[in-house]
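Report on the following structure.
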Amino acid sequence: MAQVVSAMALTHSPGLTGWFDRAPAHQQTEAKRALGEMRDRLAASRPDVIVLFSNDHLLNWPINNTPEYTVGIGAEHVGPADWYDEWLALSKYRIPGHPALARHLVSEGARRRLALSYLRRMEFDDGVSVPMHYLNPTSSIPLVPVTMNCTVPPIPTPERAYAVGSALREVIAAYPGSERVAVLATGGLSHEPGGPRYFWVDEEFDLWFLDLLKKGDHATLLRECTLERMEEAGSGGTAELLAWILVLAFTTGPAEVLAYMPAIAWRSGTGMVAWNHFAS
Amino acid sequence: MGSVERCDKTLPLNEMIFHVRRDAALRARWLTDLEGLAREFGLSAEEYAALRDHDVRRLHELGVHQYYVPQILRLFYGAAANSNSHPALAAYQRAYPAESERALRLQAELERRDR
């Protein structure tokens, strides 16, 4: 039975690698500190594998077919995708996969009525590349990437993301190996990629959302943080927080907020959180 | 719901961008033969004109998925150092002057306050 040993969430905005130095010095210092702390916490939990929940920005799937969830089941993951490497200012990385666990998610998920698409060769943009650059810099921890669609309508609801998280928690617990699993969520906070408010950050929403996480009351969060509320705070981008809500289902109790920066320069509300207790 | 809901999922331009981004040969043709590409992917005259003119607002109005619009601009202007002062993003300031100005004012305010 696999065991969850770490649960954290962070922003993956492209500016965090692509034009890091364009934010004010105090935001750079704060981001580096929080990302360093996340890396240390991750290492201290001695994970055998990271299951990372991100979103597909119309990279792997064309607009005529956008599965709700997709699992990368390959033996190795190579990124960033061509053309995105220049945007993210990152050179190519190769991270080992964990095909046995990834394939278990897909097949065992299906037995539990969860439709997970899969790709043997997945492409990676900021959603996976930015968190791996900071948290898995030597690519030593195997990775199972899981992307969701929160960009192309219809966008799933927070209730749905939480329900999928709860189901995946059971699927991972049912894995026959004894792997120590770190679950990571990436995306958010408020931003509107490519929309009329492309350069906007809704600090009030971000602080309110982080406060709900600090309170650790899942039912209240799901009642108050509706999809409509997320869309108001930045359409087509803030809903990346669905990945955080999915990972919330792996946890109990309050989240620790490690940092928050309303970093318009990096083009999103930028936050890092960690949970200390895991749902069984 | 927000602006992302305005997207026309069946717009040929939305199919075209997906393929161009993934293919180095098509990316090169973007700069030399945009009109030919537009024809091959079945774009309407309006879609082609909005693309050619880098007209962010018109692209939105036609139903281009908003996530694709900055990618369209990067295909024209280059993807490196895509910060808020990148020439590609001046197209947003032309299309949405009020929103952009308000956002950049907020940025200055936030950065001053937190220092």
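Where a number appears in this text, it was derived from the coordinates with a stated rule and is not lab data. Just so it is clear, the model here is predicted, and its values are computed rather than measured.
Only Cα pairs under 8 Å and at least 6 apart count here; give the relative contact order of chain A as a rounded whole percent.
The normalised contact order for chain A reaches 32 percent.
Obtain the radius of gyration and the Kirkwood radius of segment B:34-115 from its C-alpha atoms and give Rg over Rh.
Rg/Rh: 1.07.
Defining a contact as two alpha carbons under 8 Å apart and six or more residues distant in sequence, what relative contact order in percent does chain B show? Before the final figure, lay out each step's value.
On the way: 82 pairs, mean separation 31.7, N = 115.
After rounding, I find 28 percent.
Skipping prolines and chain starts, which residues have an amide H placed within reach, meaning under 5 Å, of the one on A:H77, given they are 5 or more residues away or on another chain?
A:I95, A:G97
Out of residues 5 or more away from A:V5 or on other chains, whose amide H comes under 5 Å of its own, with H placed 1.01 Å from N in the peptide plane?
HN-HN under 5 Å from A:V5: A:V181, A:A182, A:V183.
Would you please give the residues with an amide H less than 5 Å from that of A:T251, counting only those at least 5 places away or on a separate chain, with H modeled from the backbone geometry?
Correct list: A:A279.
Highest GNM mean-square fluctuation, chain B, Cα pairs closer than 10 Å: which of B:S83, B:S100, B:S44?
Among B:S83, B:S100, B:S44, the largest GNM mean-square fluctuation belongs to B:S83.
Can you quote the Å³ per residue value for the convex hull of the Cα atoms in the protein assembly as shown, rounded to an integer?
Measuring per residue, one finds 121 Å³ for the Cα hull of the protein assembly as shown.
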